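*Asks:* Below is the structure I would like to discuss, written out as structure tokens.
The values are calculated or read from the model by the stated rules, or taken from the named source; none is laboratory data. Not measured: the values here are computed from a predicted model. So basically every Cβ, Gly included, is an ideal-geometry build from the backbone, and we count neighbours across all protein chains shown.
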Ligand SMILES: [Fe+2]
């Protein structure tokens, strides 16, 4: 007879009547785990055997291996996008990124080197999958299952399907800024070389006049004009004249409001450019800005706020400003999460507020805006993916939602969101993804 009756908590009585120790239960647990593991192994092997019947010739087996490798790379890309959406310290993100990058290539190389013989025998049809080591089968199964899951979501949010996209009327004018201004925009040798790459569009500014239908837009604001700038990225690689051109075009358009959604400065010496660059900006109801993750790269981001304020811009980062737009009480919210602050939740039952506009660096704050009754959210950060494949669209996008909101116009009740591709970046390459200056005219959906 065995049991814990009459024994202190955690002790069991052995068949011989001796007290045993708490870890006895642990030892009981081991055979159970072994049974579970054995079941898992059998299941993986039987699934692999079923796959074998579909992939019986060398060519299809090579294709299957390629699919597994593709899923492996896709999962790392998924991880990369999510990692860069976090508010962690830059050094931590960069360190994690380096480890993840090394692991991306080391894992398949090591598995390939160790299991070269069983893999090659399996590919050549000299054995079935039962001879493949369980580690390999389990990892392949993991890649295929996770790849199918994330791959489905990735496919679902491709721009070609236009799910949750807002159809807009867009009038795009491309300014080759160096030709139009006659100025040399590349300030460094690296930038000069990058600009020579034939497909590179870093200096081709797309001035996009967008008629944006906004659900819930009060009639008074129909036709309201917002010039939206994002991701300026003053690094010193590109001459400030590029940004000056965008500010000049935006001001000439005579907007009602100008908005800048973060990533203004990357390098400390460029802080000195801010006043001259942004003080010429004019908009009837004011120019507003928030900061982004790259603004943490200078020693004191509050200096950026001060210089922008001196240039006549209004800092709404972490704040809610009540403003009168065409005599209508509206709220302007500045969301800099997760790198700085975001405002306390506004009182959405306050019916005196006719319209809520949120400036957010990251499109990941879309759900926060939806919870807080924001009518229109303007964001940047994802740079349109920096490069876009034909049909597939953007791949790289530092967002918790991957490339879903890389750029464009989206609606999920009650919020409409415009995500700009931004004007510049730290990477001196843009492929099928021109810098964007958004000149947005708000429209009631019925008009
Ligand atoms: Fe950016």
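*Asks:* List the number of the failed condition for residue 387; all other conditions in (1) in contact (Cβ under 8 Å) with a residue 40 or more places away in the chain; (2) surrounded by 24 or more Cβ atoms within 10 Å (Cβ to Cβ) hold.
*Replies:* (2)
*Asks:* Now for a different question. Being within 22 Å of residue 414 (Cβ to Cβ), more than 15 Å from the ligand (Cβ to nearest atom), modelled with pLDDT of 95 or more and in the same structural domain as residue 408 (by TED's automatic domain parsing) narrows it down to one of 318, 334, so name that one. So that I can check it myself, show each step before the final result.
*Replies:* Values: 318 fails: within 22 Å of residue 414 (Cβ to Cβ).
Step by step, each of 318, 334 is checked, and only 334 is within 22 Å of residue 414 (Cβ to Cβ), more than 15 Å from the ligand (Cβ to nearest atom), modelled with pLDDT of 95 or more and in the same structural domain as residue 408 (by TED's automatic domain parsing).
*Asks:* I want to confirm something. Restricting to region 401-447 and keeping residues that are within 16 Å of the ligand (Cβ to nearest atom) and out of contact with any strand residue (DSSP E or B) (no Cβ under 7 Å at 6 or more places or on another chain), which single residue is farthest from residue 85 (Cα to Cα)?
*Replies:* Only one residue tops the list, namely 428.
*Asks:* Then there is this: For region 199-217, what are the residues that are assigned to a loop (DSSP other than H, G, I, E, B) and under 20 Å from residue 356 (Cβ atoms)?
*Replies:* 214, 215, 216, 217
*Asks:* How many residues does region 360-388 contain that are touching a helix residue (DSSP H, G or I) at 6+ places or on another chain (Cβ under 9 Å), within 16 Å of residue 81 (Cα to Cα) and away from the ligand (no atom under 13 Å from the Cβ)?
*Replies:* 2
*Asks:* Looking only at residues that are closer than 17 Å to residue 247 by Cα and free of Cβ contacts under 8 Å to residues at least 60 places away in the same chain in region 286-303, which one is surrounded by the fewest Cβ atoms within 10 Å (Cβ to Cβ)?
*Replies:* Looking at residues that are closer than 17 Å to residue 247 by Cα and free of Cβ contacts under 8 Å to residues at least 60 places away in the same chain, I get 286.
*Asks:* Being at pLDDT 95 or above, more than 16 Å from the ligand (Cβ to nearest atom) and either within 20 Å of residue 90 (Cβ to Cβ) or assigned to a helix (DSSP H, G or I) (or both): is that true of residue 323 here?
*Replies:* Answer is no for this residue.
*Asks:* Related question: What's the number of the condition residue 392 fails, among (1) more than 16 Å from the ligand (Cβ to nearest atom); (2) buried (at least 17 other Cβ atoms within 10 Å of the Cβ); (3) under 17 Å from the mean Cα position of the chain (by Cα); (4) modelled with pLDDT under 95?
*Replies:* (2)
*Asks:* Among the numbered criteria (1) more than 19 Å from the chain's Cα centre (by Cα); (2) surrounded by 13 or more Cβ atoms within 10 Å (Cβ to Cβ), which single criterion is violated by residue 158?
*Replies:* Among (1) more than 19 Å from the chain's Cα centre (by Cα); (2) surrounded by 13 or more Cβ atoms within 10 Å (Cβ to Cβ), residue 158 violates only (1).
*Asks:* Does any residue of region 207-214 turn out to be touching a helix residue (DSSP H, G or I) at 6+ places or on another chain (Cβ under 8 Å), closer than 30 Å to residue 301 by Cα and assigned by TED's automatic domain parsing to the domain that holds residue 265?
*Replies:* Within region 207-214, one or more residues are touching a helix residue (DSSP H, G or I) at 6+ places or on another chain (Cβ under 8 Å), closer than 30 Å to residue 301 by Cα and assigned by TED's automatic domain parsing to the domain that holds residue 265.
*Asks:* Taking residue 192 as meeting all but one of (1) touching a residue at least 24 places away in the same chain (Cβ under 8 Å); (2) touching a strand residue (DSSP E or B) at 6+ places or on another chain (Cβ under 8 Å), write down the number of the exception.
*Replies:* (1)
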